Amino acid sequence: MSLRSIARRTACVLAAALAGTALPALADTLVDNVHGTTIGADGQPEAVSGLLFDDTGVIRRVFHPGEKLPKKGFAYHVDGKGRVILPGLIDAHAHVMDVGFAALTLDLTGTRSLAEALERIRAFAAAHPDRAWITGRGWNQEDWGLKDAAGASRFPTAAELDSVVGDRPVWLERVDGHAGWANNAALKAAGVTAQSKVPTGGAIDRRPDGAPAGVLVDAAQSLVAERVPAPRAADRDAALAKAQALLFQRGVTAVADMGTSIEDWQAYRRAGDRNQLYVRIMAYAMGIEQMTLIAGPEPTPWLYQDRLRLGGVKLFMDGALGSRGAWLKAPYADAPATRGLPRMNETQLGNLMSRAAMDNFQVAVHAIGDAANRLVLTTIDDLAATYKGDRRWRVEHAQIVDPADWPLFGRNGVIASMQPVHETSDRTMAEARLGPQRLAGAYAWHSISGAGARLAFGSDAPVELPDPFAGLAAAISREGADGQPTGGWQPQEKVSRAEALAAYTTGGAWAGFAETRFGRLAPGLRADFILVDTDPMTATPAQIRGTKVSETWIGGGKVWSADDPAAVGK
Ligand SMILES: [Zn+2]
């Protein structure tokens with residue numbers, strides 16, 4: 001029933017575009033005047049010159065250069081106007097709701113002075129009179145040159161925030177997440193006073209009279225953060241709509257949501273029930289508890305014409321390299337007293353993975369440091385003897401892997417879910433943290449793939465932009481947006497264009513058990529495709545980075561167009 005209605009809606013959109021055309025019961029659509037590439041069933045790139053899909057949004061035929069395209073036998077015609085056609089891109093690791101929330105809250109990154117920040121805060125509050133709290137992030141007082149009376153660097157104050165928003169609480173996270181800035185309404189709402197007990201591992205910035213000055217550091221942030229009201233269902237729905245628009249404008253048609261909560265899931269279901277879920281979400285629950293809460297005894301079926309499924313669980317083995325939370329085999333080069341920390345021990349990891357696997361949930365484990373990666377890989381190796389069959393164990397990030405452990409990926413066909421842009425953003429930091437000896441195992445896409453891993457590429461948005469073209473450029477060049485370093489960082493780990501495109505399409509589909517549904521242009525699969533201005537198989541990395549998406553299609557329906565970027569799925 002709903003399949004028909006989706007098809008009918010699609011057909012209506014197309015019919016409206018061709019006003020006056022009669023609407024046949026069965027209506028195929030031909031896309032022509034395009035050239036581009038899909039990854040074929042054999043994993044090799046395949047040139048595409050046209051596409052025919054039916055009124056349920058399933059591809060009937062793919063045309064290749066030299067083949068004659070039909071002149072009749074279809075009802076609708078999409079003129080590609082000579083643009084490049086690609087399969088819809090898949091982001092294999094992102095946080096869908098956070099992408100939306102990050103875009104809907106106040107962003108102070110890039111402010112050069114307190115005055116500039118205050119003006120941005122004032123304008124944001126004025127534009128959102130309905131919000132009970134104003135929340136945001138991204139400030140850095142080092143960039144503002146704030147000094148106290150003695151000339152020392154100081155934090156901004158609650159009084160300064162009050163000067164622009166005094167009528168309701170304001171709570172703004174510092175750029176690194178290690179401090180928060182409150183106005184007096186927020187301090188009052190949280191009951192923070194001169195007498196407040198400071199949580200262990202935290203600090204309260206104080207005025208000379210001992211009263212809280214406005215900024216709370218590290219663990220003390222929870223005093224206010226816990227009082228910020230949880231988003232309402234309507235806020236979540238707005239965030240999901242925003243996230244979809246941001247993904248579509250970058251050509252992403254499917255995404256693995258890495259850490260889905262029950263509230264996230266309910267937002268996806270509400271959107272699906274209202275025919276407003278356009279993006280395909282492969283959801284991985286945030287831990288075992290959320291997994292059973294959302295899905296119960298087994299993975300959910302695919303819902304809404306392959307747009308939503310809870311197929312697995314996300315677990316955390318360690319933290320991140322920047323904060324030295326990644327768990328290393330040997331001490332940090334720039335902090336010899338620490339190797340970082342595992343978030344659980346071997347037994348706990350084995351138990352959680354077993355718990356998921358016994359009910360046939362797929363397991364995805366965050367592992368950044370080489371010690372974390374080794375433990376996850378050896379645990380998979382152990383469990384693979386018990387949990388047989390097609391498990392598709394996933395390692396998320398696989399950022400620093402000891403070359404001695406690379407073969408463990410191949411032994412069990414483990415999926416390496418990696419984020420090419422992390423390499424270009426973090427290489428200098430990685431050099432400092434790891435020293436020269438361990439760099440061969442950092443962001444080692446080519447070697448890990450060569451060892452038999454299945455690559456799936458993603459962005460980790462909103463940590464990075466959900467931009468697969470930046471990722472494709474980084475993957476084939478190991479150069480940043482500035483072209484540095486020339487020739488690429490650890491250039492032996494570049495991957496070929498075809499391999500990069502595969503990791504953003506078929507690799508992501510495989511990693512989500514979706515390869516028979518979407519991920520490439522082939523008969524029987526969903527007609528998910530994009531029309532862009534740049535061919536990633538021939539363009540320079542800089543050109544690929546600058547790719548403009550003109551149209552995004554999912555299941556045979558146009559969900560986004562650069563001509564009307566505010567409209568999604570209309
Ligand atoms: Zn993540």
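The values are calculated or read from the model by the stated rules, or taken from the named source; none is laboratory data. Small disclaimer: the values here were computed from a predicted structure and weren't measured. Cβ: placed from backbone, ideal geometry, glycine included. Neighbour counts: every protein chain shown. In case anyone asks, the SASA skips ligands and DNA or RNA and just uses the protein heavy atoms, side chains included. Shrake-Rupley method; radii C 1.70, N 1.55, O 1.52, S 1.80 Å.
Taking square-rooted eigenvalues a ≥ b ≥ c of the alpha carbon gyration tensor, is the range 150-245 rounded, prolate or oblate, where a/c under 1.5 means rounded and, failing that, a/b exceeding b/c means prolate? Prolate.
Overall, the chain carries a charge dipole of about 940 debye about its Cα centre when +1 sits on the Cβ of Lys and Arg and -1 on the Cβ of Asp and Glu, all other atoms neutral.
Taking amide H positions as modeled 1.01 Å from N, with prolines and chain starts lacking one, the residues under 5 Å from T338 and 5 or more places away or on another chain are Y332.
For V48, the residues whose modelled amide H falls within less than 5 Å of its own, excluding neighbours fewer than 5 places apart on the same chain, are G36, T37, T38.
Relative to the longest principal axis of the chain, what angle (0 to 90°, nearest 10) does the C-alpha long axis of helix 233-248 take? Tilt relative to the chain: about 60 degrees. Neighbours of T506 by Cβ distance under 10 Å: Lys/Arg scored +1, Asp/Glu scored -1, total +1.
The aspartates and glutamates whose alpha-carbon is closer than 12 Å to the alpha-carbon of K72, local same-chain residues fewer than 8 away aside, are D28.
Among rounded, prolate and oblate, which fits the range 490-556 when a ≥ b ≥ c are the square roots of the eigenvalues of its C-alpha gyration tensor, a/c under 1.5 means rounded, and a/b larger than b/c means prolate? It is oblate, given that a/c is not under 1.5 and a/b is not larger than b/c.
I'd like the accessible area for W302, computed on protein heavy atoms only with a 1.4 Å probe and all protein chains in place. Round to 10 Å², please. Surface open to solvent at W302 totals about 40 Å². In order along the range 249-265, phi translates into HN-Hα couplings of 5, 10, x, 8, 10, 8, 8, 8, 8, 9, x, 7, 9, 4, 5, 4, 4 Hz, rounded to whole numbers, per the Karplus curve 6.51 cos²θ - 1.76 cosθ + 1.60 with θ = phi - 60° and x for Gly and Pro. Rolling a 1.4 Å probe over the heavy atoms of the protein chains gives the range 346-433 an accessible area of 33 Å² per residue. Assuming charge only on the beta carbon of Lys and Arg (+1) and of Asp and Glu (-1), the dipole of the range 272-430 about its Cα centre is about 220 debye to the nearest 20. Roughly what angle does helix 420-434 make with the longest principal axis of the chain, taking Cα atoms, 0 to 90 degrees, to the nearest 10? In the chain, helix 420-434 runs at an angle near 40 degrees to the longest axis.
Calculated mean residue ellipticity at 222 nm for the chain: -9000 deg cm²/dmol, from DSSP H runs with n ≥ 4 weighted as -39500 (n - 2.57), summed, divided by the residue count and rounded to 500. Taking only Cα atoms, what is the 0 to 90° angle, nearest 10, from helix 468-477's long axis to the longest principal axis of the chain? Once rounded, the angle reads 90 degrees. Each residue of the range 342-349 was assigned a 3J(HN,Hα) from its phi angle through the Karplus curve 6.51 cos²θ - 1.76 cosθ + 1.60 (θ = phi - 60°); the sequence is x, 8, 7, 8, 4, 5, 4, 4 Hz, with glycine and proline shown as x. Between the C-alpha center of the range 371-407 and that of the range 418-458 there is a gap of 16 Å.
A Förster distance of 45 Å, applied to the separation of the beta-carbon atoms of Q492 and D176, puts the FRET efficiency at 0.90.
The phi-based Karplus calculation (6.51 cos²θ - 1.76 cosθ + 1.60; θ = phi - 60°) puts the 3J(HN,Hα) values of the range 394-405 at 10, 10, 8, 5, 6, 6, 10, 10, 4, x, 5, 9 Hz, whole numbers, x for Gly and Pro. Segment L341..A440, full-extension length gain: 33.5 nm, with 0.36 nm per residue of separation and the alpha-carbon distance subtracted. Amide H to amide H distances under 5 Å link R207 with A213, where only residues 5 or more positions off or on other chains count and H is placed in the peptide plane. Over 28 Å apart at the Cα level, from the set K494/K548; K197/K329; K388/K494; K188/K314; K197/K242, are K197/K329; K388/K494; K188/K314; K197/K242. Could you calculate the FRET efficiency of R154 with E289 from 1/(1 + (r/R0)^6), where r is the beta carbon distance between them and R0 is 45 Å, rounded to 0.05? The value I calculate is 0.60.
In a reduced charge model with +1 at each Lys and Arg Cβ and -1 at each Asp and Glu Cβ, the range 335-410 shows a dipole moment near 160 debye about its Cα centre. Computed from the Kirkwood radius of its Cα pairs, the Stokes-Einstein diffusion coefficient for the chain at 37 °C and 0.692 mPa s stands at 130 µm²/s. Taking the charge dipole of the range 284-355 about its Cα centre, with +1 at Lys and Arg Cβ atoms and -1 at Asp and Glu Cβ atoms, the residue from N345, A295, Y332 reaching farthest to the positive side is Y332.
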